[in-house]
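Please treat every number below as a calculation from the coordinates, not as lab data. The structure displayed is predicted, hence computed values, not measured ones. Cβ atoms come from the backbone with ideal geometry, glycine included; neighbour counts cover every protein chain shown.
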Amino acid sequence: MPADREPQPAALAPGTPRPTPVPLVPWRRIDPALPIDFHLHTTYTDGTAPVQDMAAAARRAGLAAILFSEHVRAASDYYPAYLQEVRAENRDGLTVFAGFEAKILDRDGTLDCPPAAAEEADAIVGSVHRPPAAGGAGVAWQALAPEEAIALELELALAIVERSRAHVLGHPMGMVVRHHRISPLAAIERLARACAAHGKAFELSARYCPSPSRWLAIVERAGCPVSLGSDAHRPSAVGGAWRLFDPAGGRR
């Protein structure tokens, strides 16, 4: 290693996820009497409110269980205090799980998460964010043609499902939805089937789902575990996925 280059922190290698206490079940087995939100952020990273305010919002919304899934990187060192703070909110009728959202780093399934943090987490949400850098330089999603973006995000998402230690595939095809304004239903179908085959939860995201009824029909057909996630960065967004997909009224 060159003398002027710092050693890189260890990321979370591919492998089998640890058992999770988070109830990740197929759509038809979600209890409509127990509202959930399994994707929340706080001021520990890019949220606008602290842990306590997000938990209070969940109680006001009548939620039964939440998962804090804070952004993390392999170099992150905030997580001991975060985990302690989150678990202190597990009270007053609200079940609170502590986890992380980690981006995929490569096609092998490596996640940008400290292994020690993953050992302490109740669940890991694996997401596609930036395309992996090649030769030290990344590429913007907007710079890719829609077909290229779909193929790349699908490949990375499949790596999360098939090879990573994540429990949940976060905002499936969300980068294509966000940057290209399209709803890639064929890719969603393939990912839902992969989640069913590998026991990973497919996140129905309040922020990155332009066709809620069609995506819901796909995950129902696939029979994969489902995670309802608002990707809430502010208290008013907590519970948004439950309201959007409406398990209580959306049974067909």
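Please quote Rg/Rh for region 157-203 to two decimal places, taking the Kirkwood radius as Rh and restricting both calculations to Cα atoms. Could the numbers behind the result be given before it?
Details: Rg = 10.4 Å, Rh = 10.7 Å.
Taking Rh as the inverse mean 1/r over Cα pairs, Rg/Rh reads 0.97.
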Quiz item: Given ASN90, ALA217, ALA196, which one lies farthest toward the positive end of the charge dipole of the chain, if we put +1 on the Cβ of every Lys and Arg and -1 on the Cβ of every Asp and Glu?
Solution: ALA217
Practice problem: Give the order of THR16, THR48, THR110 when sorted by the count of other beta carbons within 10 angstrom, beginning with the fewest. | Solution: THR16, THR48, THR110
Quiz item: Between VAL139 and ASP92, how many nm apart are label points set 7 Å from Cα along the C-beta direction?
Solution: 4.9 nm
Self-check item: About the Cα centre, charge dipole magnitude for region 45-196 (Lys/Arg +1, Asp/Glu -1 at Cβ), debye
Solution: 320 debye
Practice problem: Starting from region 77-131, pick out the GluC sites (Glu not before Pro) whose DSSP state is loop and whose Cβ has at most 11 other Cβ atoms within 10 Å. | Solution: none
Quiz item: Rounded to the nearest 500 deg cm²/dmol, what is the calculated helix-only ellipticity per residue at 222 nm for the chain, with -39500 (n - 2.57) per DSSP H run of length n ≥ 4?
Solution: -9500 deg cm²/dmol
Practice problem: Output ³J(HN,Hα) for region 60-68: one whole-Hz value per residue in order, computed from phi by the Karplus curve 6.51 cos²θ - 1.76 cosθ + 1.60 with θ = phi - 60°, and x for Gly and Pro. | Solution: 4, 7, x, 6, 9, 8, 9, 10, 6
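Restricting attention to region 1-104, which trypsin sites (Lys or Arg not before Pro) occupy a DSSP loop and are surrounded by at most 15 other Cβ atoms within 10 Å?
Details: sites: ARG5, ARG28, ARG29, ARG59, ARG60, ARG73, ARG87, ARG91, LYS103; in loops: ARG5, ARG73, ARG91.
Hits after loop and neighbour filter: ARG5, ARG91.
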Quiz item: Counting only residues 5 or more places away or on other chains, whose amide H sits under 5 Å from the amide H of PHE97 once H atoms are built in the peptide plane?
Solution: ILE66, LEU67, PHE68
Practice problem: Would you please give the residues with an amide H less than 5 Å from that of LYS103, counting only those at least 5 places away or on a separate chain, with H modeled from the backbone geometry? | Solution: VAL72, ASP112, SER127
Practice problem: Scan region 155-200 for trypsin sites (Lys or Arg not before Pro) in coil per DSSP, keeping those whose Cβ has at most 11 other Cβ atoms within 10 Å, and list them by number. | Solution: ARG181
Self-check item: ³J(HN,Hα) computed for each position of region 156-162 - Karplus, 6.51 cos²θ - 1.76 cosθ + 1.60, integer Hz, glycine/proline x
Solution: 5, 5, 5, 5, 4, 5, 8
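Going by how many other beta carbons lie within 10 Å of each one, how would you line up SER76, SER211, SER205, fewest first? Show your work: numbers first, answer last.
On the way: SER76 19, SER211 13, SER205 26.
Arranged by neighbour count, lowest to highest, SER76, SER211, SER205 become SER211, SER76, SER205.
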Quiz item: Tell me, what HN-Hα J-couplings in whole Hz come from the Karplus equation 6.51 cos²θ - 1.76 cosθ + 1.60 at θ = phi - 60° for each residue of region 36-47, using x for Gly and Pro?
Solution: 9, 8, 10, 7, 10, 10, 9, 5, 5, 10, 10, x
Self-check item: Inter-site label distance for ARG221 and THR43 at 7 Å from Cα along Cβ, in nm
Solution: 4.6 nm
Quiz item: Working from the pairwise distances between different alpha carbons, so that the mean of 1/r is found and then inverted, what is region 115-204's Kirkwood radius in Å?
Solution: 13.6 Å
Practice problem: Using the charge dipole of region 45-91 (Lys, Arg: +1 at Cβ; Asp, Glu: -1 at Cβ; taken about the Cα centre), state which of SER76, ALA58, THR48 has its Cα farthest towards the positive end. | Solution: ALA58
Quiz item: What per residue convex hull volume, in Å³, do the alpha-carbon atoms of the chain yield?
Solution: 122 Å³
Self-check item: Positive dipole terminus of the chain, leading residue within HIS171, PRO235, SER183 (C-beta point charges)
Solution: SER183
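Between LEU34 and ALA81, what length comes free when the chain is fully extended (0.36 nm per residue of separation minus the Cα-Cα distance, one decimal in nm)?
Details: separation 47, 0.36 × 47 = 16.92 nm, distance 2.85 nm.
Stretched fully, the LEU34-ALA81 segment lengthens by 14.1 nm.
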Quiz item: Under 5 Å between amide H atoms, partner at least 5 residues away or on a different chain: which partners does SER227 have, H built in plane at 1.01 Å?
Solution: PHE202, GLU203, LEU204
Exercise. Over the alpha-carbon set of region 175-252, divide Rg by the Kirkwood Rh and report the Rg/Rh ratio to two decimals.
Key: 0.96
